[in-house]
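Inspection log for the structure reproduced underneath, given as structure tokens.
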Amino acid sequence: MDLPRTPSMRLEGKRALVTGASRGIGFALAAALAEAGAHVTLAARGAEALSEAAETLRRAGYGADALALDITDIGAMREAVDGLDALDIVVNSAGLARHSPASETTPEDYDAVMAVNLRAAYFLSQAAARKMQGRGGAILHVSSQMGHVGGIDRAVYCATKHGLEGMTKAMAMEFGPQNVRINTLCPTFIRTPLTEPTFADPEKRAWIESKIKLGRVAEVTDLMGPAVFLCSDAAAMITGTHLLVDGGWTAG
């Protein structure tokens, strides 16, 4: 009898692109991929913070470089992806939130959030899948538990994340024959610069803490292992789905 061997979660020899990588969740996921052995290109708009993030990884002995990029500029994004030497993994952590009651949403806020969270994600997936043809690869979008439930003052944000979940399922059907996998990672509220305004509101913080069954707010480190798993050979048969890292929020 042959002994089954667990597929490796190591990423040596892989080339990864991580967007929104200058801070917060994006930087943590870039660090996770680099620690697992991948060479990581960190992309974000702010060149100074991005350069510091890449240098932090290099000082730790990891392979990393910086790419100043606004992924809402579809032409520039396509050119950047096409210009990479190789691409095995994309982790898209770029995100925007402008929360308000639905009755008060402005067209400007709607368009801005859609442009980052859904439109850019769509065309980044398209460009990445084209680049990965012939060698396969993994695309992972940082979505949200709000792609599966509703939330206070989050109609636009939820619309983008629910859309991202549907997009991922449809693209998995198309990209699968090229051995390109696409999934989403769906965290609960995590302390980052993006969520600080929410945590500063006592009523909203109490609501958050009451919903998380594990009794604590998540940290960026809670996402690092799941992201590496979904980008590795250990998840070779996983595509078109999501992994909730929500502390039980959506369990009921």
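The values are calculated or read from the model by the stated rules, or taken from the named source; none is laboratory data. Only a predicted model underlies this, so the values are computations on that prediction, with no experimental measurement involved. Cβ placement follows ideal geometry from the backbone for every residue including glycine, while neighbour counts extend to all protein chains displayed.
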What number of residues within region 98-118 are farther than 30 Å from Ala36 by Cα and part of a helix (DSSP H, G or I)? 12
Considering residues of region 97-113 that are at pLDDT 95 or above and in contact with a Leu (Cβ under 9 Å, 6 or more places away or on another chain) only, the residue nearest to Glu165 (Cα to Cα): Val113
Output the number of the condition that Ile208 fails; it satisfies all remaining conditions of (1) touching a residue at least 24 places away in the same chain (Cβ under 8 Å); (2) crowded, with 18+ Cβ neighbours inside 10 Å; (3) not hydroxyl-bearing (Ser, Thr, Tyr). (1)
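Could you list, in sequence order, the residues of region 119-145 that are in a helix (DSSP H, G or I) and of a type outside the set (Lys, Arg)?
Ala120, Ala121, Tyr122, Phe123, Leu124, Ser125, Gln126, Ala127, Ala128, Ala129, Met132, Gln145
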Log entry, pairs with first residue in region 129-152 being more than 20 Å from Ala235 (Cβ to Cβ) and touching a residue at least 12 places away in the same chain (Cβ under 8 Å), second being assigned to a strand (DSSP E or B) and among the basic types (Lys, Arg), beta carbons closer than 6 Å, six or more apart or on different chains, reads Met146/Arg154
Output the residues belonging to region 207-223 that are of a type outside the set (Asp, Glu) and either over 24 Å from His39 (Cα atoms) or more than 21 Å from the chain's Cα centre (by Cα) (or both). Trp207, Ile208, Ser210, Lys211, Ile212, Lys213, Leu214, Gly215, Arg216, Val217, Ala218
Yes or no: region 224-232 includes at least one residue that is surrounded by 15 or more Cβ atoms within 10 Å (Cβ to Cβ), over 14 Å from the mean Cα position of the chain (by Cα) and touching a residue at least 60 places away in the same chain (Cβ under 8 Å). yes
Among the numbered conditions (1) under 30 Å from Met132 (Cα atoms); (2) surrounded by 14 or more Cβ atoms within 10 Å (Cβ to Cβ), tell me where Ala236 comes up short. (2)
Can you name every one of the helices (runs of 4 or more DSSP H) wholly within region 1-97 that holds 2 or more residues which are over 22 Å from Ser143 (Cα atoms)? 47-59, 74-83
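Listed here are the residues, each with its yes/no results for (1) over 13 Å from the mean Cα position of the chain (by Cα); (2) crowded, with 19+ Cβ neighbours inside 10 Å; (3) modelled with pLDDT under 95.
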{"site": "Ala16", "(1), (2), (3)": "no, yes, no"}
{"site": "Ala38", "(1), (2), (3)": "yes, yes, no"}
{"site": "Leu42", "(1), (2), (3)": "no, yes, no"}
{"site": "Ala60", "(1), (2), (3)": "yes, no, no"}
{"site": "Ala66", "(1), (2), (3)": "yes, yes, no"}
